[in-house]
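This report refers to the structure that appears directly beneath it.
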Amino acid sequence: QVQLVESGGTLVQAGDSLRLSCEASGRSFSNYAMGWFRQAPGKEREFVAAVKWDGGSTNYADSVKGRFTISRDNAKKTVYLQMNSLKPEDTAVYYCAASSLWIVVRTLAYDYWGQGTRVTVSS
């Protein structure tokens with residue numbers, strides 16, 4: 001069992017940077033690939049970024065590639081999402097999730113989810 005708690009969401013202006021954190025509790029955090037997803041009002045949840053168990057591989061949605069960076073610290077059981085050059089279209093609730101598989105973009109591949117943290121980007 002893995003419990004995930006996101007933090008760091010807030011209101012920012014376009015062009016600002018923000019770092020989200022997701023802290024895990026439970027054992028075997030390093031056995032899970034970790035992903036970030038987001039859901040804007042009225043839209044489906046979409047993949048943002050993922051990082052493999054040891055941090056050696058990452059994957060990004062085209063919409064955030066070059067602006068967002070996912071990383072993890074297995075000793076701290078924490079995964080991060082560094083978001084730079086934020087745009088109003090990045091406004092959403094951001095969720096972290098854990099998967100025992102490396103099928104990164106599909107929500108069904110993830111076993112555990114956090115409660116989400118809200119990011120609002122004003123223009």
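Here LYS52 is the anchor, and the aspartates and glutamates within straight C-alpha reach of less than 14 Å, apart from those fewer than 8 places off in the same chain, are ASP73.
So how many Å³ per residue does the convex hull of the Cα atoms of the stretch 34-102 work out to? Numbers along the way, then the final one.
Numbers: hull volume 6.2 nm³, N = 69.
Enclosed volume per residue, from the Cα hull, is 90 Å³.
Heavy-atom accessible surface of the chain, averaged per residue, reaches 52 Å², computed with a 1.4 Å probe. Residues of the chain were split at every exposed loop site, defined as trypsin sites (Lys or Arg not before Pro) in a DSSP loop with at most 13 other C-beta atoms within 10 angstrom, and the longest piece left, sites excluded, is 77-105. Here the chain has an Rg and Dmax of 13.2, 41 Å, counting Cα atoms alone. When the solvent-accessible area of the chain is split by element, carbon and sulfur atoms take up 44 percent of it, the probe being 1.4 Å. Converting the Cα gyration tensor eigenvalues of the stretch 83-123 into ellipsoid dimensions via √(5λ) gives semi-axes, longest first, of 25, 11, 7 Å. When the GluC sites (Glu not before Pro) in the stretch 1-84 are filtered for DSSP coil states and for at most 15 other beta-carbon atoms within 10 Å of their beta-carbon, the remaining sites are GLU44. Which of the aspartates and glutamates could a cross-linker bridge to LYS65, judged by Cα under 15 Å and excluding same-chain residues fewer than eight apart? LYS65 reaches GLU46, GLU89, ASP90.
The values are calculated or read from the model by the stated rules, or taken from the named source; none is laboratory data. None of these values were measured; they are calculated from a predicted model. Quick reminder, even Gly has a Cβ in these numbers, built from the backbone with ideal geometry, and neighbours come from all protein chains shown. These area figures cover heavy atoms from the full protein model, side chains too; ligands, DNA and RNA do not enter into them. Shrake-Rupley method; radii C 1.70, N 1.55, O 1.52, S 1.80 Å.
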